[in-house]
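The structure appears right after this line, and notes come after that.
The values are calculated or read from the model by the stated rules, or taken from the named source; none is laboratory data. Computed from a prediction, not measured in an experiment: that's the story for all the values here. For neighbour counting, all protein chains shown are included, and Cβ atoms are generated from backbone atoms with ideal geometry for every residue, glycine included. The accessibility values were calculated without ligands, DNA or RNA, using every heavy atom of the protein model including side chains. Shrake-Rupley method; radii C 1.70, N 1.55, O 1.52, S 1.80 Å.
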Amino acid sequence: MDFSLKIFTKEGVLIMVAQETVARQKESDGWLSALDFLWLKITRRCNLRCIHCCADSGVQYPLMGILRCGDWEHVLEEGASLGCGTVQFTGGEPTLHPNLIRLISKARALGYGFIEVFTNGTFLDVSMLKTFRQLGVHLAFSMYGSNAEIHESVTQKKGSFRKIMGGIRGALDSGIMVRAGIILTDKNKDDLEGTRDMLTRMGVTTISVDRLRKVGRGNRSTHHASGFDELCGSCWKGKLLVDPDGYVSPCLFSRFYSLGDARGGLAPILNSGRLWEFRKKVRDQEAYRASCVPNTCSPDTCSPAARPCSPDCAPACSPCVPDIRR
């Protein structure tokens, strides 16, 4: 509620600390309830079985969760009304979802300025790429190796390397903006430069690299409990994720921190003390780590403790989010 504080001087002169004082305070804390970026995880089904998958996706899951097309459209509508201008459709494999194009069209009609699909590239055909181009969609690809043997040791699916190569080439030939993310695991870490060089030769100009996050299957493979130490440090910056059943969390890696149900509205979640507590904690962690001198901090002095002070980890939410962050 806006208010003015009234103070009288000894001379009886009324001094008003005007409403702009309150407005400035609200502006300084505005990041607590901001919404700049939405992940819409529209399906948990995926044709691949990547060993590090933070979403633990696979062929065993239903194509759609509790949320149906109308529900997703409502999420997009509410997001736009709350000032969100960036959305990424993810999964699972989002190109498997029968309503993906309809939802992208809805986002474009609502005025989202940046729309991206994060894909494994195995289902992209000429018709889909043409539609993406017409709708101004950006594509992000998950790439794990410079050859089939290495890439497929991560995806655990024969033929996935050939298909993603075709998908990337098709997207580039169609004039679609493309970026690629490389997740380093024990299977592909020695092929990083080879993978990066191959993508560069293909014409991919934005390539990001991240370590394996101990979340989902990444957690099971390393026997490590997930939590705040696995966050990139950027998820306080106006981000939310909605999963196929409507559950909301701050980001892809923070499913351990439930914020509520999207069917009850995004606005109550954005104004909840639970989200504010999360954002304050992660922001403080990021600020503390940013004060460290690169490559000199020990795990005991640089928070979050599990990660080095490296630009590859923070503050960028790499490679999950496009490079349009604050």
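Could you tell me how many of the residues in the stretch 46-78 are closer than 24 Å to THR185 by Cα, aliphatic (A, V, I, L, M) and open to solvent by 20 Å² or more (accessible area, probe 1.4 Å)?
Looking only at that region, the number is 2.
Taking the stretch 195-211, which residues are touching a strand residue (DSSP E or B) at 6+ places or on another chain (Cβ under 8 Å) and hydrophobic (A, V, I, L, M, F, W, C)?
LEU199, VAL204, ILE207, VAL209
Answer yes or no as to whether LYS157 is within 18 Å of the chain's Cα centre (by Cα) and either hydroxyl-bearing (Ser, Thr, Tyr) or in a loop (DSSP other than H, G, I, E, B) (or both).
Taking the combined requirement at face value, the residue does not satisfy it.
Within the stretch 99-114, is even one residue open to solvent by less than 10 Å² (accessible area, probe 1.4 Å), assigned to a helix (DSSP H, G or I), at pLDDT 95 or above and over 19 Å from LEU76 (Cα atoms)?
No.
Among ALA180, ALA171, ALA140, which is touching a Gly at 6+ places or on another chain (Cβ under 7 Å), within 14 Å of ASN120 (Cβ to Cβ) and crowded, with 19+ Cβ neighbours inside 10 Å?
Going through ALA180, ALA171, ALA140 in turn, just one is touching a Gly at 6+ places or on another chain (Cβ under 7 Å), within 14 Å of ASN120 (Cβ to Cβ) and crowded, with 19+ Cβ neighbours inside 10 Å: ALA140.
From the set of residues in the stretch 274-288 that are open to solvent by less than 50 Å² (accessible area, probe 1.4 Å) and more than 20 Å from CYS54 (Cα to Cα), which is farthest from the chain's Cα centre (by Cα)?
GLN285
One residue is enough: does the stretch 220-231 have a residue meeting the conditions within 19 Å of ASP36 (Cβ to Cβ), at pLDDT below 95 and buried (at least 22 other Cβ atoms within 10 Å of the Cβ)?
Looking for residues that are within 19 Å of ASP36 (Cβ to Cβ), at pLDDT below 95 and buried (at least 22 other Cβ atoms within 10 Å of the Cβ), one finds at least one in the stretch 220-231, hence yes.
Out of all the residues in the stretch 29-63, which are at pLDDT 95 or above, assigned to a loop (DSSP other than H, G, I, E, B) and under 19 Å from VAL87 (Cα atoms)?
Selection gives ALA34, LEU35, ASP36, ILE42, THR43, ARG44.
Considering only the stretch 195-216, state which residues are open to solvent by 20 Å² or more (accessible area, probe 1.4 Å) and assigned to a helix (DSSP H, G or I).
Across the stretch 195-216, the qualifying residues are ARG196, ASP197, THR200, ARG201, MET202.
Can you find even one residue in the stretch 233-245 that is in contact with a strand residue (DSSP E or B) (Cβ under 9 Å, 6 or more places away or on another chain), β-branched (Val, Ile, Thr) and under 17 Å from ILE51 (Cα atoms)?
Within the stretch 233-245, none of the residues are in contact with a strand residue (DSSP E or B) (Cβ under 9 Å, 6 or more places away or on another chain), β-branched (Val, Ile, Thr) and under 17 Å from ILE51 (Cα atoms).
Please give the number of the condition LYS187 fails out of (1) under 21 Å from the mean Cα position of the chain (by Cα); (2) touching a residue at least 12 places away in the same chain (Cβ under 8 Å); (3) surrounded by 19 or more Cβ atoms within 10 Å (Cβ to Cβ).
(1)
Taking the stretch 79-98 as the search range and keeping residues that are in a helix (DSSP H, G or I) and open to solvent by less than 50 Å² (accessible area, probe 1.4 Å), which one is nearest to SER127 (Cα to Cα)?
Ranking the qualifying residues of the stretch 79-98, first place goes to THR95.
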